[in-house]
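The values are calculated or read from the model by the stated rules, or taken from the named source; none is laboratory data. This structure is a prediction, so every number in the text was calculated from the model and none was measured. Here the Cβ positions follow ideal geometry from the backbone for every residue, glycine too, while neighbour counts run over all protein chains shown. Ligands, DNA and RNA are excluded from the accessible area calculation, which covers all protein heavy atoms including side chains. Shrake-Rupley method; radii C 1.70, N 1.55, O 1.52, S 1.80 Å.
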Amino acid sequence: MARPDSDQLLLDAEAGVRPSPQGAAARRALLAHPVLLLVGIVLASLNMRAALASVSPLVGEISAAFGLSSTASSLVTSVPVLFLGVGALVAPWLARRLGTEQVLLGALLLLAAGILVRVLPSLYALYGGGVLVGTAIALLNVLMPGLIKRDFPDRAASMTSVYTGSMIAGATVVAAASVPLERAFGGSWEASLAFWSLLAAVAAVAWLPQVLIARGRTGREVRVVPGAPRNGRSVWRSALAWQVTLFMGLQSLWSYVLIAWMPTIFTDQGMSRSTAGVVFAFNNLIQVAGAFLVPLLAGRMRGQRPLVALVTSLVAAGYVGLMVAPVSGAWLWAAVLGVGQGGAVGLALTLIVLRSGDAVTASRLSGMAQTVGYLLAAAGPLAAGAVHEATGGWTVPIALVLCVCAAALVVGLLAARDRKV
């Protein structure tokens, strides 16, 4: 099988629809300002993981401030992940109704507001802010790849690198800076978290001119008309679609357990909070290697079973390392996990394209995989926290994640067969 074109790997939330004449005119006006559009993409991408990565190094301080158990603490990260799935349901509909630029601007404003709400002195605000943060990031997750595919069809590969690189850079910097920022603000975890609302606000300012250009040129909102699926078959009735979806969900689950608890696993074994934050940042950074290489290899293979086995084995090996020698091998496990995590998410997204017969099916399968997958992934941090609280250690939670790796291997091998939904 030939490798899919780079732009095919960008799933478009507006696939199967066509813009109105007014919408096409607005698009041409936006593309007349490519630097402005590029700056907006970079700034928005920086935000797509930052609000999640900023919490993990500070979860101990947040728990102490509210007197939370490990189970309740896990909700700080589980709630946003849950709403990543819920938000994925409404993102395509909003894009068709309002236009992608308007929805992206709204998502960035919602993200800034959610980050600020999350640091208010109320447990309800802590979780409510997580709802806003998760919904906002879901909109960015779904719409950003489609916007790149729409506006840069001839430079999809380079723009994909910019998009993914910025996303990983944002998570890396925020993870490394959270504890130092807390210290710089006099030990205030609230100020450290709230600081990152500025990043979302700056990105929103960068998107505002594009919204004004689109609306000013047309005099009204961009409208589109829906398309029809190629064969009329619902992806929800396809066994192969469920296999792809479950692989997406299970690999997301093991990643969000790490996002929620990796620094805590290290600090519970005596590592300093600042060092744990830097190791966690390194784990985020190293993911770019797997995310870049695995999709390239997957597209050149008729079946992707060897890659499924590779990424699940790397993640399992890294988790075993966290179980037996978490501190002495911290950098090694962070690297092994990073390559496996990045490769798994890249493979999961590539399988959506490779198992789809056309753009409409790919878009609908992507919506199914993100919705169900993130709903499944949200259970990971919560379950890990509850089991940690019940057992007083990390051995049993990690053992359960190894069971998740085994399940992901089974469904991944099925999803990797050379078939179409």
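I need the shape label for segment 361-419. Rule: rounded when a/c is under 1.5, else prolate if a/b > b/c, else oblate, with a, b, c from the alpha carbon gyration tensor.
It is oblate, given that a/c is not under 1.5 and a/b is not larger than b/c.
How big is the dipole moment of the chain about its Cα centre under a simple scheme where the beta carbon of each Lys and Arg is +1, that of each Asp and Glu is -1, and everything else is neutral? Debye, nearest 20, please.
I would put it at about 1480 debye.
With viscosity set to 1.002 mPa s and temperature to 20 °C, compute the Stokes-Einstein D of segment 165-205, Rh being the Kirkwood radius across alpha carbon pairs; µm²/s, no decimals.
Rounded to a whole number, D works out at 199 µm²/s.
Between rounded, prolate and oblate, where does segment 73-123 land on the alpha carbon gyration tensor, with a ≥ b ≥ c its root eigenvalues, rounded for a/c under 1.5, else prolate if a/b exceeds b/c?
Judged from the Cα gyration tensor, segment 73-123 comes out oblate (a/c at least 1.5, b/c at or above a/b).
Let's test this: bin the Cα-Cα distances of the chain at 10 Å from zero up to the farthest pair and state each bin's percent.
5, 23, 33, 25, 11, 2, 0
Pick from Arg183, Arg355, Arg96: which is most flexible by mean-square fluctuation in a GNM of the chain where alpha carbon atoms under 10 Å apart are linked?
Arg183
At a 1.4 Å probe, what is the % contribution of carbon and sulfur to the accessible area of the chain?
With neighbouring chains kept in place, the figure for the chain is 68 percent.
Can you tell me what the convex hull of the Cα atoms of segment 268-352 projects to on average, as an area in nm²?
Computing the convex hull of the Cα atoms and averaging its projections yields 5.4 nm².
Do you know the relative contact order of the chain, to the nearest whole percent, from alpha carbon pairs under 8 angstrom that are 6+ apart?
Averaging sequence separation for qualifying contacts and normalising by length gives 28 percent for the chain.
Using helices alone, what [θ] at 222 nm do you get for the chain, with -39,500 (n - 2.57) per DSSP H run of 4 or more residues, divided over all residues and rounded to the nearest 500? Display every interim value, and only then the final one.
Values: 16 runs with 329 residues, N = 421.
Value at 222 nm, helices only, nearest 500: -27000 deg cm²/dmol.
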